[in-house]
Amino acid sequence: MLANIVVNAIMPYATYLLLRHFGVETVHALAAGAVFPVAGIILGFVRERRVQALGVIVLTATVASIAAALFFTSPFLVLAKGSLITGALGIAFAVSLFARRPLVFYLAAMSADADLRQEAETRWQTEPVYRRLMRHITVVWAAALFVEATLRVMLIPLLPIAVFLPVSEAMWICCFLLMIGWSWRYAGRVMQREEGAA
């Protein structure tokens, strides 16, 4: 987590401030800072030898926003990259509600060992409450990500870039931490209540 914050937030911000200090144009300074997250994603692909959906979303949004910003010479498009990413994730959560399993089910399984994954699969097949819980959490995640993305876009014209960059990074970090904490608490409370009623 700390390494991701350094690569995706601190290094781009420091690069922007340094280049602006030496008179580099705003768009070019922002684009240069984006090299670090892109390099981090590519190195992750090479190291793990597999493509992750989140990495593809982040890489696509980053490259698209930089290309558009350089073409239209608009810093807004580079700054909107974070909103594109969280907005795309929100869409992914929402669309997954129409799949066999919602996205939250798979994300929870990724952080579990084989026994817990099997238990989750059994609960999904046999417990309607568990299925409703996974779908409910998925809906809340989708809504939270849409709200976060919208708020960040609205802040772009209201804040100086040097202020917006750390605020933007803090927003997505806080959003994810709060949602993860809420998800675990809510799921634990629902399942405890269900077990108590059984």
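None of the figures in this text is laboratory data; all of them are computed from the coordinates on show. Given the structure is predicted, the values throughout are model-derived calculations rather than measurements. Here the Cβ is made from the backbone with ideal geometry for all residues, glycine too, and neighbour counts use every protein chain on show.
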Packing-ranked peptide list from 24-30, 157-163, highest mean Cβ count within 10 angstrom first, is 24-30, 157-163
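Diagonalise the Cα gyration tensor of the chain and give the resulting equivalent ellipsoid semi-axes, square root of 5 times each eigenvalue, largest first, whole Å. Let's see the in-between values first.
Details: eigenvalues 272, 61, 41 Å².
Result for the chain: semi-axes of 37, 17, 14 Å.
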Relative contact order as a percentage, the chain, C-alpha pairs under 8 Å and 6+ apart, gives 19
Output ordering of 91-98, 138-145 (per-residue mean of other Cβ within 10 Å, highest first) is 138-145, 91-98
Sequence order, the stretch 58-71: Karplus ³J(HN,Hα) from phi using 6.51 cos²θ - 1.76 cosθ + 1.60, θ = phi - 60°, Hz rounded, Gly and Pro as x, gives 5, 5, 4, 5, 5, 5, 5, 5, 5, 4, 5, 5, 5, 5
Note, the stretch 135-145: 3J(HN,Hα) by Karplus (6.51, -1.76, 1.60, θ = phi - 60°), whole Hz, Gly/Pro = x, goes 6, 5, 4, 4, 4, 5, 4, 4, 5, 4, 5
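Compute the Cα gyration tensor for the stretch 84-198, then decide on rounded, prolate or oblate, letting a ≥ b ≥ c be the square roots of its eigenvalues: rounded whenever a/c is under 1.5, prolate when a/b is larger than b/c in the other cases, and oblate in all that remain. Each step should come with its number before you reach the end.
Values: a/c = 2.66, a/b = 2.31, b/c = 1.15.
Prolate.
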Expressed in angstrom and rounded, the centroid-to-centroid distance over alpha carbons for the stretch 9-38 and the stretch 85-103 is 32
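If you take the square roots of the eigenvalues of the alpha-carbon gyration tensor of the stretch 2-42 and sort them as a ≥ b ≥ c, do you get rounded (a/c under 1.5), prolate (a/b over b/c) or oblate? Mind dumping the intermediate values first?
On the way: a/c = 3.77, a/b = 1.84, b/c = 2.05.
Because a/c hits 1.5 or more and a/b fails to exceed b/c, the stretch 2-42 counts as oblate.
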Note, the stretch 17-23: 3J(HN,Hα) by Karplus (6.51, -1.76, 1.60, θ = phi - 60°), whole Hz, Gly/Pro = x, goes 4, 5, 5, 5, 4, 8, x
Longest principal axis of the chain (C-alpha) makes with the long axis of helix 161-197 (C-alpha) an angle, in degrees to the nearest 10, of 0
